[in-house]
Amino acid sequence: MSQLKPISSHLDNIPSTPGKFKMDKSPYIHRLRWHFSLAKLSFWCFLFLGLILIFFLRSTPPSSPYSDHSRRSLGNPSTWGGPAWEKRVRSSARVQSRKGITVLVTGAAGFVGTHVSAALKHRGDGVLGLDNFNDYYEPTLKRSRQDLLERTGVFVVEGDINDLPLLRKLFDVVAFSHVMHLAAQAGVRYAMQNPSSYVHSNIAGLVSILEVCKSANPQPSIVWASSSSVYGLNSKVPFSERDRTDQPASLYAATKKAGEEIAHTYNHIHGLSITGLRFFTVYGPWGRPDMAYFFFTKDILKGKSISIFEGPNHGTVARDFTYIDDIVKGCLASLDTAEKSTGSGGKKKGPAQLRVFNLGNTSPVPVTKLVSILERLLKVKANKVMLKMPRNGDVQFTHANITLAQRELGYKPTTDLQTGLKKFVRWYLSYYSSSGKKSSG
């Protein structure tokens, strides 16, 4: 405050208009003006903070069928720790091949996470999973994936990526050479219901992972899931990694774009080797029930109508559907070509690798053709309802340029939509029929 007095005094001696003299004001008036301004500033600060608090409290309506899963699974040491737990962690992360790597897979009970974890374990790598088993979609499916991984020798720790004590404990027990960060709040439309969950998982969660990795010794190399959604309203096709990504069409896309900028920052400051993967509409067995191919299958079998969106002037809506096995190959190639991080003790010692790749199929397919294939495979005629695409974050088309991934990773997708959907339908009928499980909805 002592610095403000001479500045204020100097300004008061300047004439308010040219040629006129401005009368000096007493110190009392100065103090009165200062306290009044401070009170005004405090009032607006409290009002602004109050509005933010109200927004987050109201972001998940009480009547929502989803609970606020972003608040669960945090900081409960009773669910982890102890000699027996550490033994399971070490056993799961133990490398079985001569050139194997040790990988922490976040979101391991998710769709892509399950397939990647199983593939890594199958080739002899050490793998430890981490998942909070939230209820964004049916948790029973995630538990079934967990059972599948347990049978392959992968232990999935139940916990949240924002639980820093848990993350630090995992790195204390195991010196991970790589982190495959797949945990995220998925889905474009759900952001209209629960926006704060996207900030919690996709931004705060990523920062938590990077914070622990930067302090680890040695620092691991990181591969993480961005999204093709970052291309947003970009109209140039096919989408290339060099294209602009500053026009997101959804909050989900915005959080993934923010994640890419955060990754750049940690690479630049702390020397973390980071590779981002922009997935294009992944599908296949053990998939996500919120994806169109999945709930189309469910509704066609139940005789329910399915809504098919079309663009302006009845324009075609198309997606670059990419089969899960092709995505897994891209993930493993990214891990295998990731260079070592260059930091130590959180400080950068030299330039570190920073990459972004498109992982797609390069063959966009109209959603109407997807439905036609499902009709043939299920031997059931769909009750189709054509609707105008709503303004909820979806885009009309996606199309990946995979030239960079082909050159740097040797990435080459080999599964067409007909073949991939045939494998998915076979799994779906087996999982929900012979096992006695029921799909939700």
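Table for the structure above
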item: Relative contact order (%) - criterion: Cα under 8 Å, at least six apart; region: region 87-164; result: 34 percent
item: Cβ crowding within 10 Å averaged over residues, with 95-101, 142-148, 248-254 ranked highest first; result: 248-254, 142-148, 95-101
item: Surface accessible to a 1.4 Å probe, Leu233 within the full protein complex, Å²; result: 110 Å²
item: Mean Cα-pair separation over length for region 217-374, i.e. relative contact order, pairs under 8 Å, 6 or more apart, %; result: 34 percent
item: Amide proton proximity set for Thr245, modelled H, under 5 Å, gap of 5+; result: none
item: Fully extended contour minus Cα-Cα distance, from Val237 to Gln96, at 0.36 nm per residue; result: 46.5 nm
item: Cα centre as origin, Lys/Arg/Asp/Glu Cβ charges: region 295-395 dipole, Debye; result: 260 debye
item: Accessible surface of region 156-244, 1.4 Å probe, proportion on carbon and sulfur as whole %; result: 53 percent
item: Inter-site label distance for Lys369 and Arg88 at 7 Å from Cα along Cβ, in nm; result: 4.6 nm
item: Mean-position separation - Cα centroids, region 267-302 and region 212-234, in angstrom; result: 15 Å
item: Of all accessible heavy-atom area on region 252-384, the percent that carbon and sulfur account for (1.4 Å); result: 53 percent
item: Cα→Cβ-extended label distance, 7 Å offset, between Arg168 and Lys304, nm; result: 4.6 nm
item: Contact order normalised by residue count of region 318-364, Cα under 8 Å, 6+ apart, percent; result: 57 percent
item: Label-to-label distance, nm, for residues given as Thr140 and His122 (7 Å Cα→Cβ offset); result: 2.7 nm
item: Within region 179-266: Cβ-based charge dipole about Cα centre, in debye rounded to nearest 20 (Lys, Arg +1; Asp, Glu -1); result: 160 debye
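The values are calculated or read from the model by the stated rules, or taken from the named source; none is laboratory data. Here the structure is a predicted model, which means the values were calculated and not measured. Cβ sites come from the backbone with ideal geometry, for glycine too, and all protein chains shown count toward neighbours. When the accessible area is computed, the model is the full protein with side chains, heavy atoms only, and any ligands, DNA or RNA have been set aside. Shrake-Rupley method; radii C 1.70, N 1.55, O 1.52, S 1.80 Å.
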